[in-house]
Structure formats: C-alpha cells, structure tokens
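The values are calculated or read from the model by the stated rules, or taken from the named source; none is laboratory data. Keep in mind the model is a prediction, meaning the values are calculated, not measured. Reconstructed Cβ throughout: ideal geometry from the backbone, glycine too, with neighbour counts over all protein chains shown. Note: accessible area is taken over every heavy atom of the protein model, side chains too, but ligands, DNA and RNA are not part of it. Shrake-Rupley method; radii C 1.70, N 1.55, O 1.52, S 1.80 Å.
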Amino acid sequence: MTKSLPCLTAAALLFVSAACSTSGETSEYQPVDASGWNYGDTLRFDLEPADSIWSGKLAVVIRHTASYPYSNVWLEVSYPAADSISPDTLNMVLADDYGNWLGRGLGLSFQRVDTLPHTVKLTSPASVSLRHIMRTDRLTDIEQAGLIMLPSDN
C-alpha cells in the first residue's frame, strides 16, 4: 500500500492539472516602479500565443493600493496591426461614485480587469505596449499592470 501511494498521488496531480488547464489564454504581468508610474514610461509585453496568428480580445489588468488618488485610470494600449501600430484608449473605472473600489482584492490591494471593446489580431510574437495617459507626471499607488489574451471562440 505504501509503495503505490506515490503513484496514486502522481496520477491524481496529473488529473487535477489537466482539469485545470486554461482554454488558450495567455497573460503577462509587470510590476510598476514603487516610486510611481511616470507619464513617459511604457510597459512592454512580449506575448507569445500558441498559434502564429491570434485573434481575440485583449484584457487589461491594473492592481492598485487603497491609497490610489483617482477613481479611474486612462490607458493607451498599442499593438502591431497591418504594418502599423494601432493605439487604443481605455478609461478603466476603478471606483464607483461613492469611492468604493470596484476591483477584487484582500487588504489594501485591489485588482481590476477591463477588456478592449473590439477583436484584435496579432502575429506571434506580439509586442504590446501599455502606458497611462493621465494628466499627471507621476501616477502613484499602481502596483502592477498586465495583459490577458482571450481567444475568440471561432
């Protein structure tokens, strides 16, 4: 019985990992400098989807502290599209009209996800950039930013 226990454990772990696999989602996250996210600082994400040509939605993730001084963050997402760079502007609302954070989180850290409204087509590897376009030189209390590639169902 004790000799078969490691084999049973390995088989159970293999079954659980196969059951928890994602449906083709690719994501990448980057920390933001603790001193603040400067207006000119661009975060670059080198996304490598499984297919050489990928089509789907891009979701932007922002993790911030409870001390973030604004109720939203304006972002510019740029990605290659048909021999040029296509920028999208996203107003990510982080708090409601009463100042309650809309993201999920524990303690003093909250995470909010918002999806670009249209389908994006990228070739692998895809270099996508993200920068804030708020009317301030330095944006404080943003801890991390990320991108999630959500594949189309077709």
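Worth pointing out:
- Search result, residues across the stretch 42-65 that are in a loop (DSSP other than H, G, I, E, B) and over 19 Å from the mean Cα position of the chain (by Cα): Asp51, Ser52
- When residues of the stretch 113-130 are limited to those that are in contact with a Phe, Trp or Tyr (Cβ under 8 Å, 6 or more places away or on another chain) and either more than 29 Å from Ser71 (Cβ to Cβ) or of a type in the set (Ser, Thr, Tyr) (or both), the one most open to solvent (accessible area, probe 1.4 Å): Lys121
- If the condition is being of a type in the set (Gly, Ala, Ser) and open to solvent by 90 Å² or more (accessible area, probe 1.4 Å), then the stretch 23-49 contributes Ser23, Ala34.
- Residue in the stretch 113-149 that is nearest to Val32 (Cα to Cα), counting only those that are part of a strand (DSSP E or B) and at pLDDT below 90: Ser127
- Residue among Ile53, Ile62 that is modelled with pLDDT under 90 and either β-branched (Val, Ile, Thr) or in contact with a helix residue (DSSP H, G or I) (Cβ under 6 Å, 6 or more places away or on another chain) (or both): Ile53
- Here the stretch 79-112 is the region considered, the condition is being of a type in the set (S, T, N, Q) and at pLDDT 90 or above, and the residue that is least open to solvent (accessible area, probe 1.4 Å) is Ser109.
- Listed by first and then second residue, the pairs linking a residue in the stretch 118-130 that is closer than 13 Å to Ile53 by Cβ to a residue that is outside any strand (DSSP E or B), with Cβ atoms under 6 Å apart and 6 or more places separating them unless they lie on different chains, are Ser124/Glu48; Ser124/Pro49; Ser124/Ser52; Pro125/Glu48.
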